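The values are calculated or read from the model by the stated rules, or taken from the named source; none is laboratory data. Please read these numbers as outputs of a predicted model, since none were measured by experiment. Backbone-built Cβ (ideal geometry, glycine too); neighbour counts: all protein chains shown.
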Amino acid sequence: MSSSVQRKRVRKSPEARRAEIVEAASAVALTEGLECVTLRRIADELAVRPGLISHYFPSAEDLVAEAFGSAAGGELDRLIPAPPRPLPPTRQLARFFAHTSGEAYDDISRLWINARHLSRYRPVLRERVLVQEAAWRGRLEELIREGVERGEFRTDDPYAVTIQILVVLDGLGAHANTGTVTRPEAVACLAHTTAERELGLPYGTLSSKDDDSRAAT
């Protein structure tokens, strides 16, 4: 006797489907730019109808803002995890600099350049850029304050140090789209030497190579 079993089609929950859409949009934003994030493009990426995407994101502007927020927020969580952090402040900050220098960070630098440019004309995206800027400032300042409290850093103004570091990183990432600038070593390491100077750390403390395999101390 033969029998046939009809496969049940698994219906994704609204939360899972929305997360899938945002993940696909974030990937396109990072690799191709926010201009390429459209309802049709993301539908093609997921092999679904555009109407499904518009069900969750009626406006393409909302999807663009969400794609940027997800990518920038995810990168922040990777670079500076929220407490409790796996590493002490000095090592966590050194890891942050190891991951924000060189070609490995170019995609996120391009995304920030892209988002800040487009935010001049797109108010929804502008609001998300402001939210992410505040999140990055807050997370880095929080790490610096933790280091001060633990006696690893010395500064009377963690906020000012935070702004200095982020301004330097923005400046170093300004040429990510062209890659035409050959930087002297003193310029390439400007972000972590600025932090070392402002936090009372010996030269070279924050330039050690990152090693994620080391256990927290």
Output the residues belonging to segment 134-180 that are among the polar types (S, T, N, Q) and either free of Cβ contacts under 8 Å to residues at least 12 places away in the same chain or surrounded by fewer than 17 Cβ atoms within 10 Å (Cβ to Cβ) (or both). GLN164, ASN177, THR178, THR180
When PRO86 is run through (1) within 18 Å of LEU201 (Cβ to Cβ); (2) not in a helix (DSSP H, G or I), the failure sits at (1)
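When segment 153-175 is examined, which residues are found to be more than 17 Å from ALA98 (Cβ to Cβ) and in a loop (DSSP other than H, G, I, E, B)? Please lay out each step first, then the result.
Filtering segment 153-175 for residues more than 17 Å from ALA98 (Cβ to Cβ) gives 153-164, 167, 170-171, 174-175.
The answer is PHE153, ARG154, THR155, ASP156, ASP157, ALA174, HIS175.
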Tell me whether segment 61-70 contains one or more residues that are surrounded by 15 or more Cβ atoms within 10 Å (Cβ to Cβ), modelled with pLDDT under 95, part of a helix (DSSP H, G or I) and not acidic (Asp, Glu). no
Total residues in segment 91-132, condition without any contact (Cβ under 8 Å) to a residue 60 or more places away in the chain, within 12 Å of LEU169 (Cα to Cα) and surrounded by fewer than 19 Cβ atoms within 10 Å (Cβ to Cβ): 1
Does segment 161-184 include one or more residues that are on the phi > 0 side of the Ramachandran plot and under 22 Å from the mean Cα position of the chain (by Cα)? yes
